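The values are calculated or read from the model by the stated rules, or taken from the named source; none is laboratory data. Here the structure is a predicted model, which is why all the values come from computation and not from measurement. When we count neighbours, we look across all protein chains shown, and the Cβ atoms used for this are built from the backbone with ideal geometry, even at glycine. The protein model used for the area step is the full one, side chains on, heavy atoms only, and it has no ligands, DNA or RNA in it. Shrake-Rupley method; radii C 1.70, N 1.55, O 1.52, S 1.80 Å.
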Amino acid sequence: MQFAFNDEQQMLRDSVERFGEDEWSAADRLKRLAEGREGTARRWAQMAELGWLMLPIAEEEGGLGGGPVEIMAIMEGVGRHLMTEAYVSHCVLAPALMTGGGDHCAALLEQVGAGQVRIAAALIEDDDFDVAAISARASAIDDRFKLTGTKTHVEDGADADWYLVSARTGGAPGERAGISLFLVPSGAEGLAIQRFRAVDSHRHCSLDLVDVDAIPVGVIGEVADRIEAALDRAIVAHMAEAVGSMEAAVAATLDYVRTRQQFGAPIGSFQVVQHKVVDMSVACEEARALMMVAASQLASGGDASSLIAAAKVRVAQCGIAVAQQAVQLHGGVGTSEELIVSHHLRRQMMLDLAHGDRDHHKARFAELTR
Amino acid sequence: MNLDLAPEDREFQQDVRDFFANSIPEDWKKTVRAGLRLSPENLVAYQRRLADRGWGAPTWPKEYGGTGWTPQQLHIFWSEASAADAPAQFHQGLELIGPIIFTYGSQAQKDYYLPRIISGEDWWCQGYSEPGAGSDLAALRTRADRDGDDYVINGHKMWTSYAHVADRMFILARTSNEGRRQQGISLILVDMDTPGIRISPIHTLDEKHHTNEVFLDDVRVPATNIVGEEGMGWNYGKVLLDRERMVAAATAMFLPQTLRAVREAATRRRTAYGLLIDKPEFRAKLAQVEIEAVAVQAMVLRLMADAAAGADSGPRGSMVKLRWSELTQQATALWVEALGPKAQHFAALGDESELPDDMPFALKGALYARVTTIYGGSSEIQRNIIARRALGL
């Protein structure tokens, strides 16, 4: 029973930490954000060179076969430095959805690992997070498929080259049978993309599809389990990001309350302030313990779905509470664009929504433990 | 990072599971699930059964009659005990005074007292708190004056749990008024049948008698009953700080017992909407408490891993105590909620069989739970400790 990283994982963690300090220092954050897509492209190329992009891809598909714990070592750093690169969407979720999907998938994943191609998952419709709550249709004409429907939210989809779209080849909305998964290039005929920027600077989109040519991935009509298993991997990676961000927010707050003087004393000398910082650090420990146990269980291959659902709920609750208190204890300046704490709050709020919010996963936990 | 069980741990797990299989009487279970202590007779019976199996002191080293178990084995033992609705062992002898005796006590004290703790022969109570010394324990005023080969003790102890059944009490008393307040305090072992001791029950909100005031009036004990050196009693408490994480961990691991009781109550209860367990509002509340309990179990695993690695847990023992105590309050409150209107039927004025099945355990449990955020260092004190020691504020 041990929670420590092994040497390789520790080296990976340190490497991400250096990258974060160089590229995403809090003082330069607004400059970085202003660089927009060019900055992201430059850093994405660096990350490819460091081997991070191919880390989660299976070895037989040209990757390094890294598991949940290696991904955690990367994502904690992503969270600590609030990097906006969409590592989870392109390097964790997409490969998990495509693994074992055949030659076409393997060829694309190799390009993903090299940083040449970005793939985003288009799974959500009509504001519901349930993987089965979809009505987009895929009709087979000979051995080709054509998709028609609307995908409400594609996490990190604004700059993707390909989309992994879930659609029905059978069954009715709400049913798990009849769900299939398809690859669609961003330039496909009949595909309309609306792009959005989120409050944390991630770039998403929604898709309208009318008779779009699509390539099937996995077994037709039977991919609900594959999607949920892939989402579990993405969720655990996001939790590591959330924990990294929480711990950074607490560290920033501790620095601040030790130095900020009011009433002739550092505000950290006041018990009411101390107890709030304590509650923040307890929330961090709660979230970290859950995230690590969930990652470990996922890595050892056991059924982790109810644990991951529980962790998703609690990490989000803790993350939002910590970031809100970080803003509160910074006082007025905590609400400014200039200080890092408000960026942590915005990211925590969006992490809650990514792949199902607190209520969704609480209901899922209740169902799984019925 | 690896949380999987090694093959030898799996074997151990099976041994423990076999021991607990069908070994807990049904009538213990509701009490245990409410987080309430069994009657002293039943707790002693349980302690004897464990001692017979060689498991009387799970956290003690082998040389003092303990099991010498690794933290991983302790985690397995408590997990299985919790799953079997076994009670927690009574801790005042095993976890509070025992470790101080084997760390600082004389050879004679070790030889005499330790085996009697393990066998369940001696029940110990803790004479620490006083009317003017609660969270600020160093303000205690009970005096132990040296008189020849004896100490003569005078004072007034409060919140002395189980003094009315205890054979012995370990007390903190002032042997000097010089220097810092903490410096004049000594730790002394007292037989409860010594003349001059008077016990007066404190009636508590749960209507269960577990705690007392103890008046000490010229109580004469041999000077050899002092543990370690005179004036060093305060420091001996530090051995407990290191072990505190294990006590917090063990206690937190019994939380799922209460949640099972809530589930059962909600599964039995019929409402106008069908079974309570199917009502979305209730399911969401139950899921919330269960999710937080999962989080606390994950925190416990981290504590045990620290212990296994011989690493300092920093504030994490305090954190588990904070979260566990809040959750036991929430879980027992939800149990009461699951009883619905009948939660008002605390005691029968006529036919007992008209009471809800789990009364009075649910309500007593919810009321008793209020003390969990007060005893053993209140939540406010825990926060002070974390702020000072871990955050450097």
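Which whole-number value in Å² is the accessible area per residue of the protein assembly as shown, probe 1.4 Å?
Roughly 41 Å² per residue, with all protein chains present.
Once you have a ≥ b ≥ c as the square roots of the Cα gyration tensor eigenvalues for the range B:124-232, tell me rounded if a/c is under 1.5, and otherwise prolate or oblate according to whether a/b is larger than b/c.
Oblate shape, in that a/c is at least 1.5 and b/c is the bigger or equal ratio.
Evaluate the Debye formula for the range A:225-368 with equal point scatterers sitting on the alpha carbons, no solvent, and hand back log10 of I(q)/I(0) at q = 0.09, 0.13, 0.15, 0.18 Å⁻¹, in q order, two decimals.
Summing over Cα pairs of the range A:225-368 leads to -0.31, -0.58, -0.72, -0.93.
When the distances between all Cα atoms of the protein assembly as shown are binned every 20 Å from zero, what whole-number percent does each bin get?
Binned Cα distances yield the sequence 15, 42, 31, 11, 1, 0.
List nothing, just return the count: lysine pairs in chain A, 8 or more apart or interchain, with Cα separation under 27 Å.
Lysine pairs, 8 or more places apart or on different chains, close enough: 5.
How would you classify the range A:119-221 from its alpha-carbon gyration tensor, with a ≥ b ≥ c the square roots of the eigenvalues: rounded for a/c under 1.5, else prolate if a/b is greater than b/c, otherwise oblate?
Oblate, because a/c is 1.5 or more while a/b does not exceed b/c.
Suppose we keep just the alpha-carbon trace of chain B; what are its Rg and Dmax in angstrom?
When restricted to the Cα atoms of chain B, Rg and Dmax are 21.9, 75 Å.
Between B:108, B:298, B:88, which gets the highest mean-square fluctuation from a Gaussian network model of chain B, Cα cutoff 10 Å?
Result for chain B, Cα springs under 10 Å: B:108 fluctuates most.
Mind putting a number on the dipole of the range A:119-221 about its Cα centre? Charges go on the C-beta only, +1 for Lys and Arg and -1 for Asp and Glu, and I need it in Debye to the nearest 20.
Dipole size: approximately 80 debye.
In the P(r) worked out for the range B:254-390, what percent of Cα pairs fall beyond 28 Å?
More than 28 Å apart: 29 percent of the Cα pairs in the range B:254-390.
Could I have the simple spin-label model distance between residue B:218 and residue B:9, label points 7 Å from Cα toward Cβ, reported in nm to one decimal?
5.9
Compute the FRET efficiency between residue A:152 and residue A:110 as 1/(1 + (r/R0)^6), taking r as their Cβ-Cβ distance and R0 = 30 Å, and round to the nearest 0.05.
0.45
Show me the three semi-axes of the equivalent ellipsoid for the range A:185-276, from the C-alpha gyration tensor (sqrt of 5 times each eigenvalue), largest first, rounded to whole Å.
Semi-axes from the Cα gyration tensor: 48, 19, 8 Å.
Measure off 7 Å from each Cα along the Cα-to-Cβ vector at residue B:107 and residue B:200, then give the distance between these two points in nanometres to one decimal.
Those two pseudo-labels are separated by 4.5 nm.
How much of the accessible area of the protein assembly as shown, in percent, comes from carbon and sulfur atoms when a 1.4 Å probe is used?
50
For chain A, take N as its residue count and report Rg(C-alpha) divided by 2.2 N^0.38 Å.
1.00
What FRET efficiency comes out for residue B:193 versus residue A:270 if R0 is 60 angstrom and r is the Cβ-Cβ distance? Round to the nearest 0.05.
Between residue B:193 and residue A:270 the formula returns 0.75.
For the range A:269-286 and the range B:196-238, what is the separation of their C-alpha centers, rounded to whole Å?
34
What's the extension gain from residue B:154 to residue B:375 if we count 0.36 nm per residue and subtract their Cα-Cα distance?
77.1 nm
Any aspartates and glutamates with Cα under 19 Å of the residue B:157 Cα? List them, leaving off those in the same chain fewer than 8 positions away.
Residue B:157 reaches B:130, B:136, B:145, B:167, B:191, B:193, B:213, B:217, B:218.
Determine, from the Cβ-Cβ distance of residue A:18 and residue A:49 and an R0 of 22 Å, the FRET efficiency 1/(1 + (r/R0)^6), rounded to the nearest 0.05.
According to the calculation, E is roughly 0.95.
Can you compute log10 of I(q)/I(0) for the range B:7-154 with the Debye formula, treating each Cα as one identical point scatterer, at q = 0.10 Å⁻¹?
Evaluating at q = 0.10 Å⁻¹ gives log10 I(q)/I(0) of -0.45.
Taking the Cα-to-Cβ direction at residue A:260 and at residue A:127 and moving 7 Å from each Cα, how far apart do the two end points lie in nm?
3.5
Is the range B:191-316 best put as rounded, prolate or oblate by its Cα gyration tensor, with a ≥ b ≥ c the root eigenvalues, rounded for a/c under 1.5, and otherwise prolate when a/b is larger than b/c, oblate when not?
Numbers: a/c = 4.79, a/b = 1.61, b/c = 2.97.
Oblate, since a/c reaches 1.5 and b/c is not below a/b.
Looking at the range B:357-393, which residues lose a minimum of 40 Å² of accessible area between their chain alone and all protein chains in place, measuring with a 1.4 Å probe and not counting ligands or nucleic acids?
By number: B:383, B:384, B:391, B:393.
Suppose the chain between residue B:147 and residue B:354 were pulled fully straight at 0.36 nm per residue; how much longer would it get relative to their current alpha carbon spacing? The partial results should precede the final answer.
Details: separation 207, 0.36 × 207 = 74.52 nm, distance 6.01 nm.
Taking 0.36 nm per residue and subtracting the Cα distance, the gain is 68.5 nm.
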